[in-house]
1. Out of the residues in the range 310-361 that are open to solvent by less than 50 Å² (accessible area, probe 1.4 Å) and among the aromatic types (Phe, Trp, Tyr), which is nearest to the chain's Cα centre (by Cα)?
2. Exactly one condition in (1) modelled with pLDDT of 85 or more; (2) open to solvent by 20 Å² or more (accessible area, probe 1.4 Å) is not met by ILE49; state its number.
3. Whether any residue in the range 217-237 is modelled with pLDDT of 95 or more, crowded, with 18+ Cβ neighbours inside 10 Å and under 24 Å from TYR111 (Cα atoms) is what I want to check.
4. Failed condition for ASN213, given (1) outside any loop (DSSP other than H, G, I, E, B); (2) surrounded by 15 or more Cβ atoms within 10 Å (Cβ to Cβ), with all others met?
5. Is the range 122-145 home to any residue that is open to solvent by 20 Å² or more (accessible area, probe 1.4 Å), closer than 30 Å to THR331 by Cβ and among the polar types (S, T, N, Q)?
6. Identify all residues within the range 371-395 that are touching a Lys or Arg at 6+ places or on another chain (Cβ under 7 Å) and more than 18 Å from TYR342 (Cβ to Cβ); write none if there are none.
7. What pairs can you find where one residue is in the range 76-95 and part of a loop (DSSP other than H, G, I, E, B), the other is at pLDDT 95 or above, and their Cβ atoms are less than 6 Å apart, with a gap of 6+ or different chains?
Amino acid sequence: MTSSDAAAPVRERLNGLPIEEVRRRAAEAEAELHDLGITFTVYSDKNAIDRVLPFDAIPRVVSAKDWQVIQAGICQRVAAMNQFLHDIYHEQRILGDGVVPAELVLSNAHYRPAMQGINLPHKSYIHVSGTDLVRDGSGVFRVLEDNARTPSGVSYVVENRHTMQRAFPELLEGISLYPVDEYGQKLLAALHEVAPLAVSDPQVVLLSPGTFNSAYFEHVFLAREMGVPLVEGGDLMVGDDDQVSMWTTGGPRRVDVIYRRIDDDFLDPEAFRPDSLLGVPGLMRAYRAGKVSLANAVGTGVADDKAIYAYMPRIVRYYLDEDPILPNVDTHICREPEALRYTLDHLEELVVKPVGESGGYGITVGPRSSRQELEACRAALLANPEKYISQPCLDLSVCPTLAGNHVAARHVDLRPFAVTGAKTWLLPGGLTRVALREGSLIVNSSQGGGSKDTWVLG
């Protein structure tokens, strides 16, 4: 929880509002989000495919002191991950020195041999990252997960602030908060910085899989915030000279930087999945020729793999010669016999996560699982131990949350977003996700979680 001193002014103002008034304004705010089309898609629910991300009207307050730690820690982590990615796609020193097992990288599903030897501007691979943080029972922020491929959710950060400004203007009055509105400009500036070196006025586009993607609202939002074209694979072509162009009413127009929201596998049917209709044939050819920059770079998924996550403290020390500012959650890599044995012996106490999944799917929370669920998890671990990690069940921090006719404590995490070009900039605050179900530890929107506005005090 944030320190009581930091949150005191907000708490006092909220206490001055009747709970009925808070509920009324919160309901109006959620209806407005729906009217604005600020939704996400749940493919598994045929009855309600498009949903509004539930919005909690009580903001999360982060003190300036806490934010300094978060900012320094994430900038450090992004720097180490970028050095790690450059190394594994070039000299592979960290593998030769045995700091990270070579098989964890070279046999990783997200490792892309096609990236070997490609030199990127500023050696920057991860241009947009979302780092999931939790605060433990002793008040320490810990990294729960890295998101270095196509992290989503930043649009809700900005829209949640706009919603609070409209619904509860008196709460913000006179309180010094860091703004969140400059994300689009910062992202565009970083994309310009990583454009091919010979280009003086780079043309940037945002490549989306299309309207059926779960984060399509965000694609539209970010293209508008940056003032760049929103395109799909069929809008782009790669010429015989390896130049990427965009079809326009005035004819083909050169494209220099692609902020892509398409997974590696679907990006180029010539290089990856030949059945992909979402990508651009020849895109990797243009990329290797240095005619176009991709953000994030292809192959970044190795760095945010849950098995590699356990080695991140060693990766930070190896490249930066520094101790991590933000510690990991203790992690057991079940591919290692000792870790597997420990996990099986303490299954009732641990959280077991599949390495390849996201969105909260496939997780077994030991203390809250039935005997049948635990036995199914045990069988899966024994059959494919390399596909799992386990972590202790943390005493996660909670935030005051509107729960029906009263305010109650609910578990939260925090996803700050970092933008990296020549340097790294962190959006003040980030996406606070909240587990709306009483007692739940899973905050993902696809699993019934909601979000809060995150206030970083200036």
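1. That would be TYR311.
2. The number of the failed condition is (1).
3. Among the residues of the range 217-237, at least one is modelled with pLDDT of 95 or more, crowded, with 18+ Cβ neighbours inside 10 Å and under 24 Å from TYR111 (Cα atoms), which makes the answer yes.
4. (1)
5. yes
6. Selection gives nothing.
7. TYR89/MET115; TYR89/GLN116
Yes or no, residue by residue, for (1) within 30 Å of HIS192 (Cα to Cα); (2) in a loop (DSSP other than H, G, I, E, B); (3) open to solvent by 10 Å² or more (accessible area, probe 1.4 Å):
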site	(1), (2), (3)
CYS399	no, no, no
LEU402	no, no, yes
ALA409	no, no, yes
VAL412	no, no, no
GLY429	yes, yes, no
THR432	yes, no, no
ARG437	no, yes, yes
LEU441	no, yes, yes
ASP453	yes, no, no
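The values are calculated or read from the model by the stated rules, or taken from the named source; none is laboratory data. What you see is a predicted model, and the numbers here were worked out from it, not measured in a lab. Positions of Cβ are backbone-derived with ideal geometry, glycine not excepted, and every protein chain shown enters the neighbour counts. Keep in mind that these areas ignore ligands, DNA and RNA; they rest on the heavy atoms of the full protein, side chains included. Shrake-Rupley method; radii C 1.70, N 1.55, O 1.52, S 1.80 Å.
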